[in-house]
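Everything on this sheet refers to the single structure shown next.
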Amino acid sequence: MPLDPSFIGRTYPPTTVYEVGREKIREFAEAVGDANPAYLDTDAAKALGHPDVIAPPTFPFVLTYRAAAQVVNDSDLGLDFSRVVHGDQRFTYTRPVRAGDRLSVTCTIDSIKSLAGNDILSVRGDVHEESGEHVVTAYMMLVARAAEGE
Amino acid sequence: MPAQVNYDEVEVGSQLPAQSFPVTRATLVQYAGASGDFNPIHWNEAFARSVGLPDVIGHGMFTMAEAIRVVTDWLGDPGAVVEYGVRFTKPVVVPNDGTGAVIEVTGKVAAKLEDRRVRVDLLATSGGEKVLGMSRAVVQLL
């Protein structure tokens with residue numbers, strides 16, 4: 001069964017606040033092997049004009065991937081996650097994520113397409129600081145491969 | 001936020017310093033923990049094979065994180081990245097042989113834009129296969 005296109009434009013409730021910690025940024029930077037001092041050293045980050053250490057460019061995915069579970073697990077939408085692969089990913093930044101941010105993600109289904117039996121689902125995650133300031137938007141495209149014999 | 005590279009000194013076609021990033025099973029386990037993506041295709045060989053993969057594969061988001069380092073190391077200030085997008089074209093296959101795989105990344109200035117921004121196009125390969133397509137970053141220069 002292809003995904004129901006009437007879900008296009010659906011927006012899910014904002015996630016509960018995620019507080020970005022310095023040590024979480026450090027853990028992520030170490031996991032990608034990146035010793036850029038802007039991620040690890042508050043003084044170095046300040047010298048670049050940031051109020052505190054900043055997170056690597058792909059860090060927001062930690063939050064937006066978790067938030068997208070609302071969409072992926074929406075039983076009304078009925079996406080078969082066992083057949084899903086990550087097709088593409090894009091971020092547009094108003095500013096980098098930084099330590100101390102209290103962030104919430106709002107997910108919206110931007111598009112649903114069917115191509116050769118595959119479902120192509122585009123989900124946008126708008127990330128805002130508690131103050132209302134926009135920080136980053138993540139665009140994720142998922143491909144649910146056609147089931148066997150379909 | 002200002003970066004350390006001056007817009008006026010950058011030409012279209014300029015190559016950024018290329019880099020190679022090794023990835024082993026241990027790398028993937030560490031990345032799974034830090035990112036919260038515990039999909040077993042990234043650490044469980046039997047599971048990966050059961051869903052038709054040749055072996056354990058790396059997280060696409062790990063490759064994306066490595067590729068932008070060619071840009072952020074060039075810039076100095078990673079906060080100067082304004083936009084970054086990739087397409088995942090082929091998986092990075094990571095055998096459990098102690099050596100793993102290597103992700104090779106090159107980048108070049110593809111266009112000079114308004115407001116002292118440039119677009120950098122990245123090429124990422126592993127085992128001779130292109131693992132990222134349409135991989136582009138827009139960055140703010142001085």
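The values are calculated or read from the model by the stated rules, or taken from the named source; none is laboratory data. For clarity, every value in this text was computed on a predicted model and none was experimentally measured. Glycine gets a Cβ as well: all are built from the backbone with ideal geometry, and neighbour counts include every protein chain shown.
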Given (1) over 26 Å from residue B:58 (Cα atoms); (2) assigned to a strand (DSSP E or B); (3) within 14 Å of chain B (Cβ to nearest Cβ), where does residue A:95 come up short, assuming only one miss? (2)
Filter the range B:72-100 down to residues that are of a type in the set (Val, Ile, Thr) and touching a Gly at 6+ places or on another chain (Cβ under 6 Å) and give me whichever is farthest from residue B:134 (Cα to Cα). B:94
Out of all the residues in the range A:25-39, which are closer than 26 Å to residue A:123 by Cβ and at the interface with chain B (Cβ under 8 Å from one of its Cβ atoms)? A:27, A:28, A:31, A:32
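If you check residue A:21 against the conditions, is it at pLDDT 95 or above, more than 30 Å from residue B:131 (Cβ to Cβ) and within 8 Å of chain B (Cβ to nearest Cβ)?
Details: at pLDDT 95 or above: yes; more than 30 Å from residue B:131 (Cβ to Cβ): yes; within 8 Å of chain B (Cβ to nearest Cβ): no.
So residue A:21 does not fit the description; no.
Mind counting the residues in the range A:122-150 that are in contact (Cβ under 8 Å) with a residue 24 or more places away in the chain and either within 12 Å of chain B (Cβ to nearest Cβ) or closer than 25 Å to residue B:138 by Cα (or both)?
So in the range A:122-150, the residues in contact (Cβ under 8 Å) with a residue 24 or more places away in the chain come out as A:123, A:125, A:127-130, A:133-147, A:150.
Pick out the ones that are also either within 12 Å of chain B (Cβ to nearest Cβ) or closer than 25 Å to residue B:138 by Cα (or both) and you get A:123, A:125, A:127-129, A:133-143, A:145.
Total meeting the criteria: 17.
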Conditions (1) among the β-branched types (Val, Ile, Thr); (2) touching a residue at least 40 places away in the same chain (Cβ under 8 Å); (3) more than 9 Å from every other protein chain (Cβ to nearest Cβ); (4) surrounded by fewer than 23 Cβ atoms within 10 Å (Cβ to Cβ); number of the one not met by residue B:27: (3)
Before we move on, is residue B:36 facing chain A (nearest Cβ under 9 Å), surrounded by fewer than 22 Cβ atoms within 10 Å (Cβ to Cβ) and within 16 Å of the chain's Cα centre (by Cα)? no
Does the range B:99-109 contain at least one residue that is of a type in the set (A, V, I, L, M, F, W, C), under 23 Å from residue A:141 (Cβ atoms) and buried (at least 21 other Cβ atoms within 10 Å of the Cβ)? yes
Can you tell me how many residues in the range B:65-80 are facing chain A (nearest Cβ under 8 Å), in contact with a Leu (Cβ under 7 Å, 6 or more places away or on another chain) and under 20 Å from residue A:139 (Cα atoms)? 1
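Tell me, which residue of the range A:40-61 that is of a type in the set (D, E, K, R) and part of a helix (DSSP H, G or I) is farthest from the other protein chains (Cβ to nearest Cβ)? Write out each step before concluding.
Keep residues of the range A:40-61 that are of a type in the set (D, E, K, R), which gives A:41, A:43, A:46, A:52.
Then keep just the ones that are part of a helix (DSSP H, G or I); that gives A:43, A:46.
Values: A:43: 14, A:46: 11 Å.
Selected residue: A:43.
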